[in-house]
Amino acid sequence: MAPTFERAVVTGGAGFLGSHLCEKLLAAGTEVCCLDNFLTGTPGNLAHLLSDPRFRLVRCDVTDFVHVPGDVDLVVHLASPASPADYLRLPIHTLKVGSIGTLHALGLAKDKGARFVLASTSETYGDPQVHPQPESYWGHVNPVGPRGVYDEAKRFAEALTTAYRSTHGVDTAIVRIFNTYGPRMRADDGRAIPTFVGQAMTGRPLTVTGDGRQTRSVCYVDDMVRGVLAVAQGELAGPVNVGNPDEMTVLEIAQRIVEVTGSRSEIDFVDAVVDDPKVRRPDTTLIESALGWRPIVSWEVGIARTVAWFAAESRVA
């Protein structure tokens, strides 16, 4: 039986993925302390949790300090801008939270004797020359390209996490998160799915970069949270890929969103993005064989839930 945690700290918990993780931990009986500076996350993502006495939300920039009184047995380090629009706008903070922020979060885990889970990214593989991407692949990253601020921040965070494990004996794990989607994504975060949904719902053309043949493997947020928690509850040090191995072209994603929204929007092709990965698909053999995890929410179900959430949000707004 998987271990349960008494008290967890989640950095970046007010973000899209972090808010779902906080929710799931609370549902499992874990007390949760969420640290966030609201640079890209929002307290609104956690509004429904604030009345729970087992939940605490603290405004905190983990690049400055991390202090949490009391016992902690799990630290999940999610804090970081995670979309191109955000990390291109905030390049230095992205590098700082991946380096200094990771150092502080690891220090907390070391001090508390807690399990530490680093939320890394498929972007550590860069524009991959191996497909699909196994954890053993070292990647193909341009450190001085525009995306390097995110890619290299996460690669450094992985190295630092590994050093804390080998030098200080901290119980660490690294999860490499592949493209995730679902409710609570920001409409303006620049990622393909919220951009396409917003364009389709308002009848604007869907802007597909390049020729649209670049691929992505998208995972619904509920499946992603299950995967991250499966790694947290296990003994793997990682890195561990967590993602959906079903691969689609970006053009196919746009076309399917037009269909599910019933939109009459057309597809517009715009300039390709610098260093945009041409392919992206996780090799999930490790997590499937070691932990029995695999995604269970289909694209049809996941995108329907996502579109419904955006529609409800637009009516409220």
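Read-outs throughout are calculated quantities, based only on the coordinates presented, and are distinct from any laboratory measurement. Please read all numbers here as calculations on a predicted model, not as lab measurements. Note that each Cβ is placed from the backbone with ideal geometry, even for glycine, and that neighbours are counted across all protein chains shown.
Number of residues in region 111-136 that are of a type outside the set (Asp, Glu), in a loop (DSSP other than H, G, I, E, B) and surrounded by 18 or more Cβ atoms within 10 Å (Cβ to Cβ): the value is 3.
Do we have residue 108 as in contact (Cβ under 8 Å) with a residue 40 or more places away in the chain and surrounded by 20 or more Cβ atoms within 10 Å (Cβ to Cβ) here?
Here the answer is yes, as residue 108 does meet what is asked.
Working only within region 232-256, note down all residues that are under 15 Å from residue 118 (Cβ atoms) and either in contact with a Phe, Trp or Tyr (Cβ under 8 Å, 6 or more places away or on another chain) or aromatic (Phe, Trp, Tyr) (or both).
Let us first name the residues in region 232-256 that are under 15 Å from residue 118 (Cβ atoms), namely 232, 234, 236-242.
Answer for region 232-256, where residues must be under 15 Å from residue 118 (Cβ atoms) and either in contact with a Phe, Trp or Tyr (Cβ under 8 Å, 6 or more places away or on another chain) or aromatic (Phe, Trp, Tyr) (or both): 232, 241, 242.
Would you mind finding the one in 88, 108, 95 that is in contact with a strand residue (DSSP E or B) (Cβ under 7 Å, 6 or more places away or on another chain), of a type outside the set (Phe, Trp, Tyr) and not in a loop (DSSP other than H, G, I, E, B)?
Details: 88 fails: in contact with a strand residue (DSSP E or B) (Cβ under 7 Å, 6 or more places away or on another chain); 95 fails: in contact with a strand residue (DSSP E or B) (Cβ under 7 Å, 6 or more places away or on another chain).
The conditions single out 108.
Report, by residue number, each residue of region 41-51 that is of a type outside the set (Ser, Thr, Tyr), surrounded by 14 or more Cβ atoms within 10 Å (Cβ to Cβ) and assigned to a loop (DSSP other than H, G, I, E, B).
Let us first name the residues in region 41-51 that are of a type outside the set (Ser, Thr, Tyr), namely 41, 43-50.
Still in the running and surrounded by 14 or more Cβ atoms within 10 Å (Cβ to Cβ): 41, 43, 45-46, 49.
Hit for region 41-51 is 41, nothing else.
Within the option set 227, 238, 169, 234, being under 30 Å from residue 29 (Cα atoms), without any contact (Cβ under 8 Å) to a residue 40 or more places away in the chain and touching a helix residue (DSSP H, G or I) at 6+ places or on another chain (Cβ under 9 Å) holds for one residue only, 169. You will find that of 94, 102, 161, the residue that is touching a His at 6+ places or on another chain (Cβ under 9 Å) and either under 29 Å from residue 188 (Cα atoms) or charged (D, E, K, R) (or both) is 102 and no other.
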